Amino acid sequence: MGYAGSPVVHEAARGEGPFSGNAIPLRTLAPLWDITYHLVTIEGSGVVRLADLRGKRISAGPANTPVSRDAMRILVAAGIDPGRDVQVLNLAFSDLIRALEERQIDAFFYADVGVPPLPGIFRLAMSPDVRMRLIPLDSAVPVLQQTFGRSYIQATIQREHYPSLTADVPTVAGYFMLVVRVDFDAGLAYQITRLLYTHRLELARVSKEAQYISLNGVAGRSPVPFHPGAIRYFRERELPGF
């Protein structure tokens, strides 16, 4: 049994990326919690849509992190070459907001576990010195799904999450998952899946991320098939898609 991000599960199951030539026969027990991507800028940057990043200075945190990897994929899905069309600065996550406020960068990508608002972004939205904007990323979702399947999904950042927003912002999300090998015992898979959802609130007492576990939209949150034991539980709960 393993815990991994949805893009990693996709690559592992297909034998791609770091799993090249070594595909792992995986099945999903449960999607756990989403990772919602924010493309953050401020008024005056000249960025009002994803395509406006061409010629701009951006950051997605340090190189080779999951956020940086996914941000580069979003750029490619939008037809932007990260090595040619933008200047990428590999800043520490703690430096992103300051760099944006001081106009060292024009925009940055950020993501974290759970439902917005994200604390650092909320502080920027409350700043009296700048007006924050979040740029829609939903246009990249269809292209991402052509390559990476359901490891990326569309999500929405509600306008009430940040004071500076005047409308909801459609965006991209990934998610963490609980997965097993295809030959995992069906009875045990059923019991684990049932316990995970039945005792979600107890889990949240020791792991705050568990508060975001939900049965909403489960069927659409897996780049690999669900395990028969998990499907049994979801059918008992009469979830759509099972």
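Summary table below
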{"quantity": "Segment 55-89: number of residues that are in contact (Cβ under 8 Å) with a residue 24 or more places away in the chain, in a loop (DSSP other than H, G, I, E, B) and in contact with a strand residue (DSSP E or B) (Cβ under 7 Å, 6 or more places away or on another chain)", "calculated": "4"}
{"quantity": "Test: residue in segment 135-154 that is outside any helix (DSSP H, G or I), touching an Asp or Glu at 6+ places or on another chain (Cβ under 9 Å), within 27 Å of residue 224 (Cβ to Cβ) and open to solvent by less than 70 Å² (accessible area, probe 1.4 Å)", "calculated": "yes"}
{"quantity": "Selected residue (only one of 182, 130 is of a type outside the set (Asp, Glu) and surrounded by fewer than 16 Cβ atoms within 10 Å (Cβ to Cβ))", "calculated": "182"}
{"quantity": "Residue pairs meeting the criteria (Cβ under 9 Å; at least 6 apart or on separate chains; first without any contact (Cβ under 8 Å) to a residue 24 or more places away in the chain, in segment 162-187; second open to solvent by less than 50 Å² (accessible area, probe 1.4 Å))", "calculated": "168/157"}
{"quantity": "Residue identified as within 21 Å of residue 7 (Cα to Cα) and among the small types (Gly, Ala, Ser) among 140, 107, 99", "calculated": "140"}
{"quantity": "Selection within segment 169-201 - of a type outside the set (Val, Ile, Thr) and either part of a strand (DSSP E or B) or closer than 29 Å to residue 67 by Cα (or both)", "calculated": "170, 173, 174, 175, 176, 177, 178, 181, 196, 197, 200, 201"}
{"quantity": "Test for residue 234: is it closer than 22 Å to residue 182 by Cα, among the hydrophobic types (A, V, I, L, M, F, W, C), part of a helix (DSSP H, G or I) and touching a helix residue (DSSP H, G or I) at 6+ places or on another chain (Cβ under 7 Å)", "calculated": "yes"}
{"quantity": "Residue 166 vs. criteria part of a strand (DSSP E or B) and hydroxyl-bearing (Ser, Thr, Tyr)", "calculated": "no"}
{"quantity": "Considering residues of segment 85-127 that are among the charged types (D, E, K, R) and closer than 24 Å to residue 55 by Cβ only, the residue surrounded by the most Cβ atoms within 10 Å (Cβ to Cβ)", "calculated": "106"}
{"quantity": "Subset of segment 1-54 (residues that are closer than 21 Å to residue 81 by Cβ, open to solvent by less than 10 Å² (accessible area, probe 1.4 Å) and without any contact (Cβ under 8 Å) to a residue 60 or more places away in the chain)", "calculated": "53"}
{"quantity": "Residues that are assigned to a strand (DSSP E or B) and either in contact with a His (Cβ under 6 Å, 6 or more places away or on another chain) or at pLDDT below 95 (or both), drawn from segment 6-28", "calculated": "27"}
{"quantity": "Complete set of residues in segment 11-47 that are within 18 Å of the chain's Cα centre (by Cα) and among the charged types (D, E, K, R)", "calculated": "11, 34"}
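The values are calculated or read from the model by the stated rules, or taken from the named source; none is laboratory data. These numbers were taken from a predicted model, which means no experiment stands behind them. Positions of Cβ are generated from backbone atoms using ideal geometry, with glycine treated the same way; all protein chains shown enter the neighbour counts. Remember, those area values only see protein heavy atoms, side chains included, never the ligands or the DNA or RNA. Shrake-Rupley method; radii C 1.70, N 1.55, O 1.52, S 1.80 Å.
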